[in-house]
């Protein structure tokens, strides 16, 4: 948060809105996991895990939120073991990301990344639309409003589980996203063909 707040204040934004939770999470060993420094958050978005070049690409995962990110980080070894070759982008602030130079923005998130993607967020899916959007992405994304209902409350673990954002839900969601890639691409092809016929 201090890194992102500092970047926002340097940008001379007339309004700075913070969305901050303080759950007790274990800080990851970024060096051991190959995750860039937390200072990259000042750019608004950064690649936490890029595609492996020796495997077929399976799509992009946009992640936002403290607990959701911690839970995703906890399943990174399983993604590697299972050969789930997804790119993971920390989607922090679309406004800060828009301030980055074009070369950085295009290297971080391509048009293909946005179309062949899912979101994992501790907020509503519509708050991720600066990163990924559309009915196909919505179908595969994990968000607190997955069932269009308010969460009932309880302990942090109970709320996270009910929101389908636990580590096991995240792993299962990514596994489904990867296993159904051909179906997603077929749906996108149908949409593109319909556009061309108009």
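For the reader, a short list of remarks on this structure follows.
- Restricting the stretch 105-126 to residues that are out of contact with any strand residue (DSSP E or B) (no Cβ under 8 Å at 6 or more places or on another chain) and surrounded by 15 or more Cβ atoms within 10 Å (Cβ to Cβ), the residue that is nearest to residue 173 (Cα to Cα): 115
- Qualifying positions in the stretch 134-150 - surrounded by 19 or more Cβ atoms within 10 Å (Cβ to Cβ) and assigned to a loop (DSSP other than H, G, I, E, B): 141, 143, 144
- Extreme residue, surrounded by the fewest Cβ atoms within 10 Å (Cβ to Cβ), among residues of the stretch 28-41 that are in a loop (DSSP other than H, G, I, E, B) and out of contact with any helix residue (DSSP H, G or I) (no Cβ under 8 Å at 6 or more places or on another chain): 29
- Taking the stretch 85-95 as the range and being touching a residue at least 60 places away in the same chain (Cβ under 8 Å) and either touching a strand residue (DSSP E or B) at 6+ places or on another chain (Cβ under 7 Å) or buried (at least 20 other Cβ atoms within 10 Å of the Cβ) (or both) as the test, the residues that pass are 86, 92, 93.
- Residues in the stretch 152-182 that are within 18 Å of residue 134 (Cα to Cα), more than 16 Å from the chain's Cα centre (by Cα) and surrounded by 11 or more Cβ atoms within 10 Å (Cβ to Cβ): 180, 181.
No value in this document is a laboratory result; all are computed from the given coordinates. Remember, predicted model here, so these are calculated numbers, not experimental data. Because the Cβ atoms are built from the backbone with ideal geometry, glycine has one as well, and the counts that use them run over all protein chains shown.
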